[in-house]
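Below is one structure; the comments refer to it alone.
The values are calculated or read from the model by the stated rules, or taken from the named source; none is laboratory data. Given the structure is predicted, the values throughout are model-derived calculations rather than measurements. Here the Cβ positions follow ideal geometry from the backbone for every residue, glycine too, while neighbour counts run over all protein chains shown.
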Amino acid sequence: MAAAAAGAGSGPWAAQEKQFPPALLSFFIYNPRFGPREGQENKILFYHPNEVEKNEKIRNVGLCEAIVQFTRTFSPSKPAKSLHTQKNRQFFNEPEENFWMVMVVRNPIIEKQSKDGKPVIEYQEEELLDKVYSSVLRQCYSMYKLFNGTFLKAMEDGGVKLLKERLEKFFHRYLQTLHLQSCDLLDIFGGISFFPLDKMTYLKIQSFINRMEESLNIVKYTAFLYNDQLIWSGLEQDDMRILYKYLTTSLFPRHIEPELAGRDSPIRAEMPGNLQHYGRFLTGPLNLNDPDAKCRFPKIFVNTDDTYEELHLIVYKAMSAAVCFMIDASVHPTLDFCRRLDSIVGPQLTVLASDICEQFNINKRMSGSEKEPQFKFIYFNHMNLAEKSTVHMRKTPSVSLTSVHPDLMKILGDINSDFTRVDEDEEIIVKAMSDYWVVGKKSDRRELYVILNQKNANLIEVNEEVKKLCATQFNNIFFLD
Amino acid sequence: MGEEDYYLELCERPVQFEKANPVNCVFFDEANKQVFAVRSGGATGVVVKGPDDRNPISFRMDDKGEVKCIKFSLENKILAVQRTSKTVDFCNFIPDNSQLEYTQECKTKNANILGFCWTSSTEIVFITDQGIEFYQVLPEKRSLKLLKSHNLNVNWYMYCPESAVILLSTTVLENVLQPFHFRAGTMSKLPKFEIELPAAPKSTKPSLSERDIAMATMFKRFSCLSLPSSWDYRYGQLYVLFLRHHSRTSNSTGAEVVLYHLPREGACKKMHILKLNRTGKFALNVVDNLVVVHHQDTETSVIFDIKLRGEFDGSVTFHHPVLPARSIQPYQIPITGPAAVTSQSPVPCKLYSSSWIVFQPDIIISASQGYLWNLQVKLEPIVNLLPDKGRLMDFLLQRKECKMVILSVCSQMLSESDRASLPVIATVFDKLNHEYKKYLDAEQSYAMAVEAGQSRSSPLLKRPVRTQAVLDQSDVYTHVLSAFVEKKEMPHKFVIAVLMEYIRSLNQFQIAVQHYLHELVIKTLVQHNLFYMLHQFLQYHVLSDSKPLACLLLSLESFYPPAHQLSLDMLKRLSTANDEIVEVLLSKHQVLAALRFIRGIGGHDNISARKFLDAAKQTEDNMLFYTIFRFFEQRNQRLRGSPNFTPGEHCEEHVAFFKQIFGDQALMRPTTF
């Protein structure tokens, strides 16, 4: 057990100060093999912002190349991951051999008024956490790969031209959704929030999935979510991790509005012979009654390391329950198929969704965990990627809201970095500003971070408090005190 | 028609008796199911054969005139012979009792005895055209004592030995039936009821014929929860079956069988109507709780199961034949005796012969050929005749010898060629587990009643009988699932879906799932490298915690590292596996973690120091060794007042090692006061 007093939180904020959060300066992808001689722009596959002058692009890429090359001499297997400068930080990632992705993030700025009234800009060099933004960069690649396959595949399919097109098409939109100011520990974990459920309801869902896969015999994989939390994944863990990210931060938030409206007015009531249900497609046809409705579904790529499968992603939702059916891309789902899916899945999923809701409320009442505890925690298990946070409020497409001070979030990130350095289980207790204590525990591939706010608490009391928390929240897992 | 198509058959070993002829009269006793062959009025011998006894009873009696009726009392104690319309003669078959005949005349003046029935080994009922007389026979006194009698005009009577009920036909139309129940010296009159007769042409007088009425008991219950006084409990439910030749409703032309339920208390009620959809000559049997209707014109039979769902019109339920009409399976008369040597080909037996006489519940007698058969239902052919698996299960679960057939249906629906859809498989599993759960509940309430000491106060408390319809997890595992998962050609998705469906069904009926089923799931998932699926199942506790399962998970660690964590979690939840947890941690060289764990649960005073020191030494981490060593020194100090290890702890080698690394002065010094 290690205890450290960190002087986090640098006092009250001066009223005249202006803060600027970290921001994306540039983002580029290159392959040094495509233009071996310096000065050639061929090696640049994608560059954001595109308006930057050509020579500067080449210069920046060349610089990165040089840094990576240079650091490789010291550590051939692990070249530089990031470069710290006063104004910004650069992150390097080589997701596929010779393909480099670079993200440049501007450090947060504090603008102060000097005595003579002139603004003075102060870069906060130590604020950004390498691990957080490296993870964000890696996630960029994973998300690209989910919808486009590997870089290499694009090269095989249509050479550099196709790859550039795909990168442009994807990152042009995607980079706008990066919200670098609100990245934190959860981006490092890239975890999955699982929906707590009793065994019987879980088995009913299993049964439902198996039946659906049988009757819609072209379905290869299925995933089931409730309340934006995962219940079942037929995909492998790594593919599910990124799909989950896409669903919960992009697809579902975009559909929140129509869902609220849909509850009162089932769109399909006019359809003859159709049982009333709340099912609808989140991807694919909007209106099944329209004979010209387009049955186009997003394509995703999974198991890219071995079988390399290309799939259509059908996301269908009834109330809070969402099912993802993934079918082989060689099969083209027709409007008839969509109608059949709707008529089979819709009614059953509607019933199942209300079952889950009912069961969940019963369980909640039984456990009686209605009242907010006086501590907040983040839990992550590397083995199943299970993540649980009482720090974060609901995620929206724009920002993930946290209920604690950013300085505390930074301490969590620091503790996580410490954990990464050693393999052993350990525990770190930090006294933060005012009455806050931050406790990090690592036990057999699980990490727990607790933020306590207790007046005049001492180390022993904090330790006791965390023990109590473990006993109530994590009593059914092997978690060493 | 292939052999596998016949679902009714005559039993293989019929009771054989001497054919009826002018000198040999044949009688059948429904109570004992015995056939009497009386030669020349008994003077040249009487041979009695029952279905079970291989040794026929033979005796002689004086020819005192034509025998009208001859029956043994229960257990063959007393023989009763009716030769005149006024008297019945008795003869004791009890050792040490006089075998001289004695006679009883009916009490009612001018009455004619229609027949008699034994209701126990010493109680007999005379049925006369003017009422019934209930006697006790006193064999040692060679006399009878009248227990009770009742006067009413009787056209004909019928006896159901299983329920000890006699039905008397009264009134001019013969259609008002008066039942009497007999038990241990008492005779009770049950409410009479009227059979509605079909409309007949005005020229003919309608009447209820004895031939169109049958009585049978069905659905004996085995639950201990029935009230001791309940009739149903001991005899099953008594039904009066009425064969109505022409339906009164004009739109339906075929004949019907109407089932009246005769409860122990309360009025008789019309419950079921079996639609025959044909006319002609019929005969009824009840086999394995099925009503079998034989049709002589077409030489076929149909079966009805009143437990299957029919069309309910608010008062009665209409049923159609479960299966298409089929003939009884052709039967070869076996050749016995010296004739067999002469290599004669077996003679085919004429089925549905007009010389057949049918008795309840399942007896067919051919007096002219000298055979008595029991009718039997063959379940295997039905499997293919009833495509609806849910209905098939409902049907099979009510049958006596159903277990192996049901298991074969389960195997069949999981086979590649005849694979059923998951919803059908789920329905079948649910039906099986519904029966299974009923039995488990009955067992449990029996056990609770025994525990509460009710067994002494209520002698009728019986252990629930496990019928063949109870198929438990080990049956399904052994006969169906274990072979099913071995099939290479089965898509693993289907295999897992079926296993999960079975587990779902068990859970739905709140039946604890046995660990071998969970192991089957794990094995299948591991075989197909579906570790992530396995992980998710464990995460939601679908596979219940157990030590064997935790050990199985541990063994998977080299293929799937997270299995280690899953296993530890499981051991932790079991809360009886703390030793195992310590062993697992030590084997992983997590000595400190092991020590902290055992301290956390307060077991650190009883652990072996040597085990931990061994493990610490193996890590080759001197600081760790130091820490562990010091911990035990402190323990020694606390428990025994000295930091030194006792010889019994066998830690000499570790003490030496400690001194070698850290020097003598590093040893903890005893605290002195």
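B:TYR532 - would you say it is more than 27 Å from B:VAL409 (Cβ to Cβ), in contact with a Phe, Trp or Tyr (Cβ under 6 Å, 6 or more places away or on another chain), surrounded by 18 or more Cβ atoms within 10 Å (Cβ to Cβ) and within 9 Å of chain A (Cβ to nearest Cβ)?
Against the criterion (more than 27 Å from B:VAL409 (Cβ to Cβ), in contact with a Phe, Trp or Tyr (Cβ under 6 Å, 6 or more places away or on another chain), surrounded by 18 or more Cβ atoms within 10 Å (Cβ to Cβ) and within 9 Å of chain A (Cβ to nearest Cβ)), B:TYR532 does not qualify.
Take A:LEU152 and decide whether it is of a type outside the set (Phe, Trp, Tyr), crowded, with 19+ Cβ neighbours inside 10 Å, within 25 Å of A:LYS57 (Cβ to Cβ) and touching a residue at least 40 places away in the same chain (Cβ under 8 Å).
So A:LEU152 fails the test.
Show me the helices (runs of 4 or more DSSP H) found entirely inside segment B:514-593 where at least 2 residues are without any contact (Cβ under 8 Å) to a residue 12 or more places away in the chain.
Answer list for segment B:514-593: B:531-539, B:562-574, B:578-587.
How many of the residues making up segment B:477-503 are more than 20 Å from B:PHE531 (Cα to Cα) and either within 14 Å of chain A (Cβ to nearest Cβ) or among the acidic types (Asp, Glu) (or both)?
Of the residues in segment B:477-503, 2 are more than 20 Å from B:PHE531 (Cα to Cα) and either within 14 Å of chain A (Cβ to nearest Cβ) or among the acidic types (Asp, Glu) (or both).
I'd like the full set of residues that are farther than 17 Å from A:LEU146 by Cβ and modelled with pLDDT of 90 or more, limited to segment A:272-307.
Correct list: A:PHE281 only.
Quick grid of which residues meet (1) surrounded by fewer than 17 Cβ atoms within 10 Å (Cβ to Cβ); (2) modelled with pLDDT of 85 or more:
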{"position": "B:LEU74", "(1), (2)": "yes, yes"}
{"position": "B:THR84", "(1), (2)": "yes, yes"}
{"position": "B:GLN99", "(1), (2)": "yes, no"}
{"position": "B:THR103", "(1), (2)": "yes, yes"}
{"position": "B:LEU114", "(1), (2)": "no, yes"}
{"position": "B:VAL125", "(1), (2)": "no, yes"}
{"position": "B:GLU133", "(1), (2)": "no, yes"}
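Consider B:SER555 carefully, then state whether it is within 52 Å of the chain's Cα centre (by Cα) and under 29 Å from B:ILE661 (Cα atoms).
When the stated conditions are applied, B:SER555 does not pass them.
Which pairs do you get when a residue that is modelled with pLDDT of 90 or more and part of a helix (DSSP H, G or I), found in segment B:378-401, comes within reach of a residue that is crowded, with 20+ Cβ neighbours inside 10 Å and small (Gly, Ala, Ser), reach meaning Cβ atoms under 7 angstrom, with the pair 6+ apart or on two chains?
Taking only residues 6 or more apart or on different chains, the pairs are B:LEU397/B:ALA469.
Which of (1) within 14 Å of chain B (Cβ to nearest Cβ); (2) within 14 Å of A:PHE380 (Cα to Cα); (3) assigned to a strand (DSSP E or B) does A:GLU427 not meet, given it meets every other one?
(2)
Does A:PHE419 satisfy being within 14 Å of chain B (Cβ to nearest Cβ), under 28 Å from the mean Cα position of the chain (by Cα), buried (at least 16 other Cβ atoms within 10 Å of the Cβ) and closer than 24 Å to B:LEU585 by Cα?
no
Starting from residues that are under 11 Å from the mean Cα position of the chain (by Cα) and β-branched (Val, Ile, Thr), keep the ones in segment A:170-208 and report whichever is farthest from B:ALA426 (Cα to Cα).
Going through the qualifying residues, I end up with A:ILE188.
Any residue in segment B:640-667 that is outside any helix (DSSP H, G or I) and of a type in the set (Ser, Thr, Tyr) sitting within a Cβ distance under 7 Å of a residue that is surrounded by 14 or more Cβ atoms within 10 Å (Cβ to Cβ) and modelled with pLDDT of 85 or more? List the pairs, counting only those 6 or more apart or interchain.
Sorted first by the residue in segment B:640-667, then by its partner, the pairs are B:SER642/B:ASN636.
May I ask you to list the residues in segment B:376-426 that are surrounded by 18 or more Cβ atoms within 10 Å (Cβ to Cβ) and within 14 Å of another protein chain (Cβ to nearest Cβ)?
B:MET413, B:LEU414, B:ALA420, B:LEU422, B:ILE425, B:ALA426
Step by step: first the residues of segment A:451-481, then only those that are within 14 Å of chain B (Cβ to nearest Cβ) and in a loop (DSSP other than H, G, I, E, B), then the one that is nearest to A:THR390 (Cα to Cα). Which residue is that?
Among those residues, the one meeting the criterion is A:PHE474.
Here is a list: B:ASP288, B:ASP305. Which entry is surrounded by 19 or more Cβ atoms within 10 Å (Cβ to Cβ), farther than 19 Å from B:GLU196 by Cβ, in contact (Cβ under 8 Å) with a residue 24 or more places away in the chain and touching a helix residue (DSSP H, G or I) at 6+ places or on another chain (Cβ under 8 Å)?
The conditions single out B:ASP305.
Would you tally the residues in segment B:310-325 being assigned to a strand (DSSP E or B) and of a type in the set (S, T, N, Q)?
Residues meeting the conditions: 1.
Filter segment A:216-238 for residues that are outside any strand (DSSP E or B), closer than 21 Å to B:TYR532 by Cα and more than 10 Å from chain B (Cβ to nearest Cβ) and give the result.
A:ASP228
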